[in-house]
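Data block below; observations after.
The values are calculated or read from the model by the stated rules, or taken from the named source; none is laboratory data. Note that the coordinates shown come from a computational prediction; the quantities given were computed from them, not determined experimentally. Virtual Cβ from ideal backbone geometry, glycine too; neighbours counted across all protein chains shown.
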Amino acid sequence: MTAARSDWMLYGAYGTTGRLILDEARRRGHTPVLAGRDAAQLEALGRTTGLVTRRVSIEDAAGMRAALSDMRCVLLAAGPYHLTGPAMRRACLDSRCSYLDINGELDDFVGAMATDADARTAGIGLIAGVGYGVVFAECLAGHVKSRLPGATSLRLSLATETRGRSRAATRSAAAAMMAGGRDIHLGALRTRPIASPTWEVLRADGSRLRFAGAPLAELAAVQRSTGILNVTTGIPLSRMAAAAMRVGAPVLGRILAMTARTRTPPPAVMPPAAGNEQRSRIWADAEDDAGNHAAGMLETGEGYRAAAHVAVRAVESQMRDPRVGALTPVQAFGSGFASLAPDTHIQEL
């Protein structure tokens, strides 16, 4: 258990992941300042937790700078991050407050990494992606790269189990679909058809799971921390669904975005037992120019809960030993960081 402290802010504390982060933070002895734009939800959360709340919109630059002026760091848990990330990072740079987020959006992650010089000038850390996908995939990639130091290509297959999907995550997925596919080719982001290529992964029970290429933030994070020149990331998708995605991704993305704006938000609190039986897995397969391979599989629990665990640990680590600059989770906290999440292990394949 860690000592209570209130010199960090959780922005988006009443969202799906925000509430899980708050529960984990309180369990570990933290008393973060709770912030967001919804006064009614903040007031209710403040009453039930006894914590300080601050209503402020990210778009209110002066108000956000004032809200961060006495904070050592802020954890942004309110997406979609292409809308919230740039403004919050600007406020953090202006107020010299370190920034962390649980972002999985590729373009905003790249934008965050581009602020390195500004972050170093301000003397703060800007650490994006301290949630599920980037942390666990990047740590697995580091493990596999250590076994094959000369790796020049890497494929990551992410099969994440979650209890539903938050509205912000749905809007992020819609934006990614409309933006199109990406991979890392010769060290740089490359545009390619979404859901391309496709491949299969052999599971422990002998069955096969099909994946299709997806433009995930893990692409940029892994390339930055491992230096591997060619990286592909993918999610489970049937052959038929992948073909449909390649043809109609922009239209499907617009439909998904409209659905996210109109549907009823998911419940803010996940029951304690929810997701206990769910297992999320990531496979990594690296190859060098001589055709040598190294592969591994990381297994953990339900995605939102895993994100909450590592997000709070990231805040603790940054508060204890402040990093400076724009950093990926592995650059900031090391390739063993994912192992801090309960019931998480890596298996060599």
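Observations
- Boolean, Ala119 is touching an Asp or Glu at 6+ places or on another chain (Cβ under 9 Å) and not charged (D, E, K, R): no
- Residue count for segment 295-349, restricted to those that are among the small types (Gly, Ala, Ser) and on the phi > 0 side of the Ramachandran plot: 2
Okay, residues lined up against (1) modelled with pLDDT of 70 or more; (2) out of contact with any Gly (no Cβ under 6 Å at 6 or more places or on another chain); (3) assigned to a loop (DSSP other than H, G, I, E, B); (4) surrounded by fewer than 22 Cβ atoms within 10 Å (Cβ to Cβ):
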residue	(1), (2), (3), (4)
Ala176	no, yes, no, no
Ser196	yes, no, yes, yes
Met240	yes, yes, no, yes
Val251	no, yes, no, yes
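- Within segment 103-148, restricting attention to residues that are hydroxyl-bearing (Ser, Thr, Tyr) and either in a helix (DSSP H, G or I) or surrounded by fewer than 19 Cβ atoms within 10 Å (Cβ to Cβ) (or both), the residue that is modelled with the lowest pLDDT is Tyr132.
- Here the condition is being touching a Pro at 6+ places or on another chain (Cβ under 7 Å), buried (at least 20 other Cβ atoms within 10 Å of the Cβ) and under 20 Å from Met319 (Cβ atoms); of Ala35, Ala25, Ala91, Ala13, it holds for Ala25 alone.
- Test: Glu161 is in contact (Cβ under 8 Å) with a residue 12 or more places away in the chain, under 22 Å from Leu237 (Cα atoms), part of a helix (DSSP H, G or I) and not small (Gly, Ala, Ser): no
- Exclusive hit being touching a residue at least 40 places away in the same chain (Cβ under 8 Å), assigned by TED's automatic domain parsing to the domain that holds Thr115, in contact with a strand residue (DSSP E or B) (Cβ under 9 Å, 6 or more places away or on another chain) and among the basic types (Lys, Arg), set Arg54, Arg28: Arg54
- Hey, Gln318 within 13 Å of Leu126 (Cα to Cα), in contact with a Cys (Cβ under 7 Å, 6 or more places away or on another chain) and not in a strand (DSSP E or B) or not: yes
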